[in-house]
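The values are calculated or read from the model by the stated rules, or taken from the named source; none is laboratory data. Treat the numbers as computed from the prediction; the structure is a model and nothing was measured. All Cβ positions, glycine included, derive from the backbone under ideal geometry; neighbour counts span all protein chains shown. For accessibility, only protein heavy atoms count, side chains too; no ligands or nucleic acids. Shrake-Rupley method; radii C 1.70, N 1.55, O 1.52, S 1.80 Å.
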2 protein chains.
Amino acid sequence: MANYKMAESNSRVIPLEDKIFGISQRAKQMIQAEGANKVVNATIGSLLDDDGKLVILSSVVDVLKNLTPVDYADYAPIAGTPDFIQTVKKAAFGNYVPKAYTEAVATPGGTGAIRNTIQNYSKRGDQVLTSDWYWSPYSTIAQEIERSITTYTLFDEEGQFNISSFDSRVQELLQKQDGLVIIINTPAHNPTGYTMTLEDWDKIIASVKSAAKSGNKKITLLVDVAYLDFAGDPEEYRKFYPKLENLPDNILVVIAYSMSKGFTMYGMRSGAMICMTNDKEIADEFKVVCSFSCRGTWSNCTRASMAVLSNIYKDQELLDKVDAERETHCRMLVKRGKTFQKSAQDAGLKIVPFDSGFFVTVPCENAEEVGLELQKSGIFTVPIGKGIRVSVASISEERCKKLPAKILEAIKTINPNYK
Amino acid sequence: MANYKMAESNSRVIPLEDKIFGISQRAKQMIQAEGANKVVNATIGSLLDDDGKLVILSSVVDVLKNLTPVDYADYAPIAGTPDFIQTVKKAAFGNYVPKAYTEAVATPGGTGAIRNTIQNYSKRGDQVLTSDWYWSPYSTIAQEIERSITTYTLFDEEGQFNISSFDSRVQELLQKQDGLVIIINTPAHNPTGYTMTLEDWDKIIASVKSAAKSGNKKITLLVDVAYLDFAGDPEEYRKFYPKLENLPDNILVVIAYSMSKGFTMYGMRSGAMICMTNDKEIADEFKVVCSFSCRGTWSNCTRASMAVLSNIYKDQELLDKVDAERETHCRMLVKRGKTFQKSAQDAGLKIVPFDSGFFVTVPCENAEEVGLELQKSGIFTVPIGKGIRVSVASISEERCKKLPAKILEAIKTINPNYK
């Protein structure tokens with residue numbers, strides 16, 4: 001715990017610098033010094049084209065540039081504009097119509113939705129469960145409000161979803177706590193690119209139902225769908241939703257939806273938390289408590305992004321245009337991932353079970369050292385404990401093809417006994 | 001405390017509906033039913049023109065509409081873009097150059113700055129001090145992170161700043177707590193319109209210096225300048241800043257700056273927290289801990305609004321245009337306030353000491369009933385405990401002139417023994 005002169009640490013362990021930011025800075029410095037063709041910056045969590053430029057849906061920018069002055073200037077209501085609240089459900093659910101009470105509250109990106117869920121469905125000191133491979137800001141979010149992250153093992157030895165680890169951690173935690181928030185980041189999980197299969201979902205649902213059956217414990221399933229629209233076919237990747245219906249009242253589902261990736265509006269800070277429950281009162285209280293959290297944290301959210309989403313969904317032609325533009329970029333991304341996967345297989349480089357999305361993870365010992373070794377050849381990745389995360393979102397297909405062999409080489413240099 | 005089915009109250013007292021929103025909704029319904037000329041909606045916290053339309057600085061909207069696609073789409077760094085961090089200090093301080101270490105962190109409006117200050121400079125369970133007339137979301141913000149608001153009496157019997165109440169509350173609280181966050185909303189305080197005079201500031205500084213002199217207590221002076229650019233002459237209303245220089249290291253100053261009012265960008269959620277301290281290490285730790293709070297709460301802030309501010313300050317001609325446009329509207333607002341004040345005096349209606357800004361407050365007993373009585377004549381105000389808040393920002397000068405007599409009438413109907 002740092003010894004601050006004026007600030008209070010308040011149970012948080014605060015690093016001096018954001019790790020990813022630091023590595024990314026070094027990559028930029030090397031690009032300036034030696035040229036872009038000497039550097040592979042696979043640290044970035046945004047989709048870039050093959051020339052390293054941010055992919056931006058021009059159809060979305062057109063809408064944003066042509067809003068009314070009031071849509072730029074005026075406050076939105078705390079929970080979001082009525083139009084947005086309706087529309088964001090369509091954006092999140094697609095053609096699926098939930099057989100459940102759903103309420104939505106606007107949040108600044110997915111981060112705000114995760115923050116508000118932990119805040120309202122756990123207590124100070126509680127542990128929040130997620131998989132051992134996880135997006136590190138989950139821990140920052142939990143710590144900031146005096147909770148912490150604990151993990152289950154995502155994969156078993158056969159590379160299958162490890163339901164027994166999930167199940168035993170859920171039961172163990174519910175012996176200590178009155179409630180449990182479980183974060184499941186799917187499809188196209190950050191950092192592994194894994195997508196929960198429908199069978200995985202059956203197992204998850206059976207496990208939480210069993211853990212909740214006494215009726216005196218509360219479980220909140222927080223499904224972080226940040227990468228939903230860059231996983232592949234939109235219908236296919238929404239097929240898990242019906243699994244979340246008809247749960248007992250003491251299991252609440254919260255969808256953390258973000259416009260950041262799907263509408264390439266990262267910087268406009270727009271998202272929503274959407275609940276699914278069979279109990280209308282639980283949906284109503286969701287709206288009330290989450291609105292209070294908004295009011296007491298960031299007040300209202302960016303009205304302009306809400307107007308963008310609402311306007312797009314009011315105009316079928318425009319929606320088709322946005323979908324088509326996204327599909328092109330999504331295909332490029334999926335191809336990069338598959339190329340990396342295939343090339344890793346050919347080279348004999350193990351990767352963590354991967355389906356699609358922005359990232360691939362390579363498991364290895366001494367990940368920090370492997371990361372530094374790769375930097376010697378101008379390759380920048382993010383070491384994350386038991387492996388290194390490679391952003392296929394930010395490098396070309398050609399580089400996706402070449403990278404596995406180089407990573408294998410670096411791993412073998414650091415770990416001579418690899419495999 | 002509500003008995004929730006799934007949510008945790010976590011020490012918060014959560015109302016079912018936002019009070020101001022509820023009154024405002026009723027005003028809108030009456031406008032629809034009976035026409036706009038029958039209704040005076042003095043509840044709104046945004047500047048409206050005489051026709052009830054939102055005042056929007058067109059020069060700012062022009063900049064916003066012409067940003068690059070990357071400025072709309074890309075993430076900003078967690079603490080804000082380097083350009084914004086530099087520029088927002090200029091916007092907050094004007095021609096004043098602080099003789100202090102200053103660091104800035106971008107936040108979603110002033111709310112985010114207030115939230116992050118309380119979070120990082122107090123502990124769970126602490127009381128945060130502000131005046132008895134205060135903007136009610138301060139309490140929401142404090143409660144959301146398990147702190148609470150306590151108050152000193154803003155005015156003495158002569159209507160002067162009540163330094164003795166301030167001083168005794170500061171001392172009392174520091175006997176119980178290791179540190180104290182004090183929120184001072186000036187100039188053009190919400191809800192009273194009062195501005196701390198330079199003499200008031202001298203008294204405040206003497207009081208906190210005396211309370212901090214043992215060296216083992218920490219005081220954070222959070223100056224909420226949300227209405228800074230709609231108070232009157234920009235230079236004049238920035239004259240208090242030098243009072244905040246050269247304080248001992250255990251008194252930290254944080255300026256909560258917002259683009260919402262000054263740039264009529266309410267809905268773009270842009271602001272900053274800026275520290276002033278004589279100790280570089282304290283400024284550095286401010287940056288680190290507040291960035292962590294951002295990362296763990298809303299991640300980064302709206303890049304487009306940062307670009308707007310940066311672009312405006314890079315172009316003197318444009319800046320002059322924005323300033324000139326704002327000045328026109330500011331004059332209109334100041335005139336409305338002065339008209340209300342004069343008319344109240346003429347009618348024999350007491351108001352809380354007023355200088356300028358969006359709101360005037362009328363002290364009275366049974367404020368809720370007075371509010372309802374006024375609604376019968378189509379006048380909508382916000383009852384706030386010991387009085388009613390009237391938004392002169394949202395009604396015409398003509399209405400500002402007529403309103404005091406009507407308010408007096410309603411007060412006398414409810415409180416026959418008034419004065």
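Select the helices (runs of 4 or more DSSP H) contained entirely in the range A:73-148, then report the ones holding at least 1 residues which are facing chain B (nearest Cβ under 10 Å) and under 24 Å from A:ASP229 (Cβ atoms).
A:109-121, A:137-144
Among (1) over 27 Å from B:ALA283 (Cα atoms); (2) without any contact (Cβ under 8 Å) to a residue 12 or more places away in the chain; (3) not charged (D, E, K, R), where does B:PRO82 come up short?
All conditions are met except number (1).
For the range B:252-279, which positions are outside any helix (DSSP H, G or I), crowded, with 24+ Cβ neighbours inside 10 Å and not hydrophobic (A, V, I, L, M, F, W, C)?
Selection gives B:TYR257, B:SER258, B:THR264, B:ARG269, B:SER270, B:GLY271, B:THR277.
Out of the residues in the range B:208-217 meeting the condition of being in contact with a helix residue (DSSP H, G or I) (Cβ under 7 Å, 6 or more places away or on another chain) and not in a loop (DSSP other than H, G, I, E, B), tell me which one is least open to solvent (accessible area, probe 1.4 Å). Spell out how you get there, then give the answer.
At the first step, the residues of the range B:208-217 found to be in contact with a helix residue (DSSP H, G or I) (Cβ under 7 Å, 6 or more places away or on another chain) are B:208, B:211, B:217.
Next, from what is left, pick out any that are not in a loop (DSSP other than H, G, I, E, B): B:208, B:211.
Values: B:VAL208: 0, B:ALA211: 22 Å².
For the range B:208-217, the residue satisfying everything is B:VAL208.
Take A:ILE14 and decide whether it is within 14 Å of chain B (Cβ to nearest Cβ), in a loop (DSSP other than H, G, I, E, B), without any contact (Cβ under 8 Å) to a residue 40 or more places away in the chain and of a type in the set (Val, Ile, Thr). Before you say what the answer is, go through the steps one by one.
On the way: within 14 Å of chain B (Cβ to nearest Cβ): yes; in a loop (DSSP other than H, G, I, E, B): yes; without any contact (Cβ under 8 Å) to a residue 40 or more places away in the chain: yes; of a type in the set (Val, Ile, Thr): yes.
Here the answer is yes, as A:ILE14 does meet what is asked.
For every residue, the table says whether it meets (1) more than 29 Å from B:VAL390 (Cβ to Cβ); (2) of a type outside the set (Ser, Thr, Tyr).
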position	(1), (2)
B:GLU146	yes, yes
B:TYR194	no, no
B:GLU199	no, yes
B:ALA206	yes, yes
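Is it the case that the range B:242-251 has a residue that's within 30 Å of B:LYS176 (Cα to Cα), touching a residue at least 12 places away in the same chain (Cβ under 8 Å), open to solvent by less than 20 Å² (accessible area, probe 1.4 Å) and in a loop (DSSP other than H, G, I, E, B)?
yes
Of the residues that sit in the range A:387-406 and are closer than 19 Å to A:LYS261 by Cα and of a type outside the set (Val, Ile, Thr), which one is surrounded by the most Cβ atoms within 10 Å (Cβ to Cβ)?
Result: A:ARG389.
Within the range A:290-324, can you find the residues that are open to solvent by less than 40 Å² (accessible area, probe 1.4 Å) and more than 10 Å from every other protein chain (Cβ to nearest Cβ)?
Result: A:LEU309, A:SER310, A:ILE312, A:LEU318, A:LEU319, A:VAL322.
Which one is modelled with the lowest pLDDT, of the residues in the range B:21-64 that are open to solvent by 60 Å² or more (accessible area, probe 1.4 Å) and within 11 Å of chain A (Cβ to nearest Cβ)?
Here the answer is B:PHE21.
For B:THR81, indicate whether it is over 23 Å from the mean Cα position of the chain (by Cα) and open to solvent by 10 Å² or more (accessible area, probe 1.4 Å).
So B:THR81 passes the test.
Take the range A:211-224 and flag every residue that is of a type in the set (Ser, Thr, Tyr) and either closer than 26 Å to A:ARG115 by Cα or in contact (Cβ under 8 Å) with a residue 40 or more places away in the chain (or both).
Residues of the range A:211-224 of a type in the set (Ser, Thr, Tyr): A:214, A:220.
Listed by number, the list holds a single entry, A:THR220.
Out of B:ILE184, B:ILE141, which single residue is surrounded by fewer than 22 Cβ atoms within 10 Å (Cβ to Cβ), out of contact with any Ser or Thr (no Cβ under 6 Å at 6 or more places or on another chain) and closer than 15 Å to B:THR117 by Cβ?
B:ILE184
Which condition from (1) under 18 Å from the mean Cα position of the chain (by Cα); (2) within 20 Å of A:PHE230 (Cβ to Cβ); (3) not hydrophobic (A, V, I, L, M, F, W, C) is the one that A:PRO383 breaks?
Tallying (1) under 18 Å from the mean Cα position of the chain (by Cα); (2) within 20 Å of A:PHE230 (Cβ to Cβ); (3) not hydrophobic (A, V, I, L, M, F, W, C), A:PRO383 fails exactly one: (2).
Being within 14 Å of chain A (Cβ to nearest Cβ) and either part of a loop (DSSP other than H, G, I, E, B) or open to solvent by less than 10 Å² (accessible area, probe 1.4 Å) (or both) is the requirement here; does B:THR361 meet it? It would help to see each step written out before you state the result.
Details: within 14 Å of chain A (Cβ to nearest Cβ): no; either part of a loop (DSSP other than H, G, I, E, B) or open to solvent by less than 10 Å² (accessible area, probe 1.4 Å) (or both): yes.
Against the criterion (within 14 Å of chain A (Cβ to nearest Cβ) and either part of a loop (DSSP other than H, G, I, E, B) or open to solvent by less than 10 Å² (accessible area, probe 1.4 Å) (or both)), B:THR361 does not qualify.
Give the range B:246-289 a look and list any residue that's farther than 26 Å from B:SER305 by Cα, more than 10 Å from chain A (Cβ to nearest Cβ) and touching a strand residue (DSSP E or B) at 6+ places or on another chain (Cβ under 6 Å), or say none.
Keep residues of the range B:246-289 that are farther than 26 Å from B:SER305 by Cα, which gives B:246-252, B:277-282.
With more than 10 Å from chain A (Cβ to nearest Cβ) added as a condition, the list becomes B:246-248, B:278, B:280.
The answer is B:LYS280, and nothing else.
Condition check: more than 21 Å from A:SER258 (Cβ to Cβ), of a type in the set (S, T, N, Q), part of a helix (DSSP H, G or I) and not assigned by TED's automatic domain parsing to the domain that holds A:GLU236. Does A:THR413 satisfy that?
yes
Each row is one residue, and each column tells you yes or no for (1) free of Cβ contacts under 8 Å to residues at least 40 places away in the same chain; (2) touching a Ser or Thr at 6+ places or on another chain (Cβ under 8 Å); (3) open to solvent by less than 20 Å² (accessible area, probe 1.4 Å); (4) in the same structural domain as B:ALA76 (by TED's automatic domain parsing).
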{"site": "B:GLU281", "(1), (2), (3), (4)": "yes, no, no, yes"}
{"site": "B:ASP284", "(1), (2), (3), (4)": "no, no, no, yes"}
{"site": "B:LYS287", "(1), (2), (3), (4)": "no, no, no, yes"}
{"site": "B:ARG331", "(1), (2), (3), (4)": "yes, no, no, no"}
{"site": "B:ALA347", "(1), (2), (3), (4)": "no, no, no, no"}
{"site": "B:LEU374", "(1), (2), (3), (4)": "yes, yes, yes, no"}
{"site": "B:ILE379", "(1), (2), (3), (4)": "no, no, yes, no"}
